[in-house]
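Here the structure is laid out as structure tokens; the discussion comes afterwards.
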Amino acid sequence: MLAGKKIILGITGSIAAYKAAYLIRGFVKRGAEVQVVITPAGKEFITPITLFALSSNPVISEFFSNRDGSWHSHVDLGLWADAMVIAPATAATIGKMANGIADNMLVTTYLSCKAPVFVAPAMDLDMFAHPTTRQNLDKLRGFGNYIIEPAEGELASHLVGKGRMEEPDKIIEILDNFFAAGQDLQKKKIVITAGPTYEKIDPVRFIGNYSSGKMGFALAEACASRGADVTLITGPVGLQVTNPRIHRINVESAEEMYGMAMQTFPGADAAILCAAVADYRPATVAEKKIKRNCNGNMTLELTANKDIAASLGAIKKPGQVLVGFALETNDEISNAVEKLNRKNLDFIVMNSLREEGAGFQGDTNKISILTRQDDVKEYSLRLKTEVAVDIVDQLIVTLKEK
Ligand code: PMT
């Protein structure tokens with residue numbers, strides 16, 4: 001999907017600048033044209049000669065190309081591009097971008113850029129965790145930029161933590177997916193639930209489950225990249241969203257998730273219920289930490305939570321599509337069919353814990369999609385990001401049928 005695309009690659013002063021060479025090679029190999037814009041500090045880490053050789057384009061760094069009065073137009077560059085990728089992006093450049101400090105060619109180009117902008121931070125773990133950096137990144141997200149979260153691992157400081165620039169292959173894949181996705185969900189409003197719920201026992205304990213939110217977040221990104229406005233209602237997870245079309249609502253308990261789902265579904269075209277919602281919660285929440293009873297067992301009385309999927313199924317209007325998940329350990333198909341019917345879903349995505357690589361936490365899943373027409377489609381084990389695309393494809397078919 002990158003063939004013929006024009007990409008501005010912004011490089012800043014970070015040890016990870018060497019990865020920019022692999023990025024250029026990957027983009028060019030896929031048929032994209034790359035124009036490098038590098039900050040003065042960036043040139044301390046990777047030379048323009050290397051970047052020129054790989055991109056076959058003169059590298060831009062200064063406003064003025066020489067002393068003959070000619071200058072580089074950041075405006076023309078901004079209009080030329082189909083995408084701008086800033087990788088690696090240091091805390092300083094992120095701060096300048098967030099606050100409009102246009103004192104170099106890279107930031108002026110960013111401010112003039114009409115194309116989607118992808119930012120891949122690279123920095124020490126404490127710099128990345130600092131509230132200033134977090135705030136600046138949130139600001140960029142708010143401007144509609146895509147933040148490619150750094151990975152965890154050993155950093156240039158030899159400390160281990162979050163701050164390593166994402167690998168070039170992954171960045172290329174993100175752009176490839178971005179351009180691959182049609183805009184077939186434009187103007188659609190989709191509610192997605194994700195992650196676990198926590199049901200409080202006392203101020204320090206809760207009943208929860210192993211859901212990481214990965215499947216639900218992948219669905220939110222897949223819908224948003226195809227043009228949908230997504231409301232993502234998520235339980236407690238350590239994930240970030242990248243697409244500005246995703247409006248994230250954080251909740252903790254099943255009751256809170258129920259409240260937000262009931263509030264947002266009436267204005268939506270579809271809902272995908274991927275959250276692992278606790279079916280029960282403690283009947284009472286202790287005000288103080290429950291002390292250990294040395295002499296015996298403890299009994300916790302539980303009360304049923306509302307079934308969000310069934311409640312939305314009961315208020316579903318003609319034209320709305322409701323998609324559920326079934327997480328099974330046995331009698332997979334019959335259990336899934338029972339949930340499909342009882343909850344008034346349009347289709348259900350079944351994943352079984354009996355399948356290796358499926359279900360909670362991992363990056364992969366293996367699903368079957370069961371429809372109201374008794375149709376069962378089985379899919380192979382794939383990345384959750386790919387599984388999400390399969391589910392969204394089915395959603396689009398179902399929306400058209402409605
Ligand atoms: O988050 P990950 O680590 O990536 O893992 C993904 C996943 C395994 C959590 C996901 O793929 C999945 O299977 N989600 C549904 C988990 C679940 O609760 O399944 P269930 O069979 O118990 O529930 C059936 C459906 O009813 C689900 O759509 C569920 O969201 C919904 N439900 C359940 C209970 C309840 N009180 N309200 C609900 O809406």
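The values are calculated or read from the model by the stated rules, or taken from the named source; none is laboratory data. Quick caveat: nothing in here was measured; it's all calculated off a predicted structure. Glycine gets a Cβ as well: all are built from the backbone with ideal geometry, and neighbour counts include every protein chain shown. Heavy atoms of the whole protein, side chains included, go into the accessibility calculation; ligands, DNA and RNA do not. Shrake-Rupley method; radii C 1.70, N 1.55, O 1.52, S 1.80 Å.
List of remarks:
- The C-alpha radius of gyration of region 186-265, expressed as a fraction of 2.2 N^0.38 Å, stands at 1.12.
- DSSP bridge pairs, the chain: antiparallel proportion in percent, nearest 5: 35
- Portion, in percent, of the accessible area of the chain that falls on carbon or sulfur, probe 1.4 Å: 52
- According to the Kirkwood relation over distinct C-alpha pairs, the hydrodynamic radius of region 136-237 is 16.3 Å.
- For region 92-214, the solvent-accessible area works out to 45 Å² per residue, with a probe of 1.4 Å and every protein chain left in place.
- Label-to-label distance, nm, for residues given as Ala180 and Glu386 (7 Å Cα→Cβ offset): 0.9
- For the chain, calculated [θ]222 nm from helices alone, where every DSSP H run of n ≥ 4 adds -39500 (n - 2.57): -10000 deg cm²/dmol
- Alpha carbon centroid spacing (whole Å) that separates region 293-358 from region 8-59: 49
- Residues whose placed amide H lies under 5 Å from that of Ile201, excluding near-sequence neighbours: Phe206, Ile207
- Helix 18-29 axis, angle to the chain major axis (alpha carbon atoms, nearest 10°): 90
- The charge dipole of region 183-240, taken about the Cα centre with unit charges on the Cβ atoms of Lys, Arg (+1) and Asp, Glu (-1), comes to about 120 debye, rounded to the nearest 20.
- Convex hull volume per residue for region 363-402, taking Cα atoms only, in Å³: 53
- Whole-percent P(r), region 228-301, all Cα pairs, 10 Å bins from 0: 14, 38, 24, 15, 8, 1.
- Solvent exposure of region 293-334 as accessible area per residue, Å², 1.4 Å probe: 59
- Calculated from backbone phi, Karplus (6.51, -1.76, 1.60) coupling profile of region 189-204 in Hz, x at Gly/Pro: 10, 10, 9, 10, 9, 8, x, x, 10, 10, 10, 5, 9, 8, x, 10
- Computed from Cα atoms alone, the Kirkwood hydrodynamic radius reported for the chain is 23.2 Å.
- In nm, spacing of pseudo-spin labels at Ala304 and Asn330 (7 Å Cα→C-beta vector): 2.2
- Here the Karplus relation 6.51 cos²θ - 1.76 cosθ + 1.60, evaluated at θ = phi - 60°, turns the backbone of region 111-124 into coupling constants of 5, 8, 6, 8, 7, x, 10, 10, 10, 10, x, 8, 5, 5 Hz, with x for every Gly and Pro.
- Rounded D (µm²/s) - region 1-123, Kirkwood Rh over Cα pairs, Stokes-Einstein at 4 °C, 1.567 mPa s: 92
- For Arg248, the residues whose modelled amide H falls within less than 5 Å of its own, excluding neighbours fewer than 5 places apart on the same chain, are Leu232.
- Across region 300-363, the convex hull enclosing all Cα atoms gives 124 Å³ per residue.
- Karplus 3J(HN,Hα) series, Hz, for region 216-221 with 6.51 cos²θ - 1.76 cosθ + 1.60 (x for Gly, Pro): x, 5, 4, 5, 4, 5
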